Amino acid sequence: MARLALFMIFTVLCMNNLQAAIEVYQFDSPDQEERFHQLSDQLRCPMCLNSNLSGSDAPIAADLRAEIYEQIIDGRTNDEIIDFMTQRYGDFINYRPPLNRGTVLLWFGPLLLLLAGLLVVWRMVRSNQSADQALALTAEQQQKLEKILTGKK
């Protein structure tokens, strides 16, 4: 009985930490709510790095969601809200950053690394093939080798 009581107390104490703040925003139309969710999914949390604003529990993510809400209610367009966030936090806040001079390496870097890896593999294979050809014996050398191995003169 004591074990059951301890287990129940432990469970209640653990569940106390699972409570999370639930943000409730009142929108004038379903379109505004859809835009809010779309923007929250599209923008990255500056603190979490690999989470969007809608999936982050960080305090800054809550602040940015509130900022998005305020701007939607004020009548700003999605582009204006994204421009505001980009000016404030840079291109990093976008999960799909624009292609410009500052992000060209981000967009094409993986392709360049893949091509460099393929070049290295191609050169290694080519090097091994030329080494195999250099080690190949001529017919005369092959006959001499067979005579030596069989013990004939």
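The values are calculated or read from the model by the stated rules, or taken from the named source; none is laboratory data. It should be emphasised that the depicted structure is a prediction, and the values quoted were computed from it without experimental measurement. Glycine also receives a Cβ, built like all others from the backbone with ideal geometry; neighbour counts cover every protein chain displayed.
For L53, state whether it is under 32 Å from the mean Cα position of the chain (by Cα) and outside the structural domain of D31 (by TED's automatic domain parsing).
Taking the combined requirement at face value, the residue does not satisfy it.
Quick one: would you say S127 is in contact with an Asp or Glu (Cβ under 6 Å, 6 or more places away or on another chain), in a helix (DSSP H, G or I), small (G, A, S) and modelled with pLDDT under 90?
Considered against the rule, which asks whether it is in contact with an Asp or Glu (Cβ under 6 Å, 6 or more places away or on another chain), in a helix (DSSP H, G or I), small (G, A, S) and modelled with pLDDT under 90, S127 comes out as no.
Evaluate the stretch 139-147: report whether one residue or more is among the acidic types (D, E) and within 29 Å of the chain's Cα centre (by Cα).
Taking every residue of the stretch 139-147 in turn, none turns out to be among the acidic types (D, E) and within 29 Å of the chain's Cα centre (by Cα).
Among the residues of the stretch 92-105, count how many are free of Cβ contacts under 8 Å to residues at least 24 places away in the same chain and surrounded by 13 or more Cβ atoms within 10 Å (Cβ to Cβ). Step through it out loud before you land on a result.
First, the residues of the stretch 92-105 that are free of Cβ contacts under 8 Å to residues at least 24 places away in the same chain: 97-105.
Adding the requirement that they be surrounded by 13 or more Cβ atoms within 10 Å (Cβ to Cβ) leaves 97, 103.
Number satisfying all stated conditions: 2.
Please go through the stretch 61-83 and pick out each residue that is hydrophobic (A, V, I, L, M, F, W, C) and either at pLDDT below 90 or loosely packed, with under 15 Cβ neighbours inside 10 Å (or both).
Residues satisfying the conditions are A66, I73.
Taking the stretch 60-87 on its own, how many of its residues are under 22 Å from the mean Cα position of the chain (by Cα), under 23 Å from F27 (Cβ atoms) and free of Cβ contacts under 8 Å to residues at least 24 places away in the same chain?
The qualifying residues number 3.
State yes or no: is L112 assigned to a loop (DSSP other than H, G, I, E, B), surrounded by 10 or more Cβ atoms within 10 Å (Cβ to Cβ) and either at positive phi or not assigned by TED's automatic domain parsing to the domain that holds T86 (or both)?
Working: assigned to a loop (DSSP other than H, G, I, E, B): no; surrounded by 10 or more Cβ atoms within 10 Å (Cβ to Cβ): yes; either at positive phi or not assigned by TED's automatic domain parsing to the domain that holds T86 (or both): yes.
So L112 does not fit the description; no.
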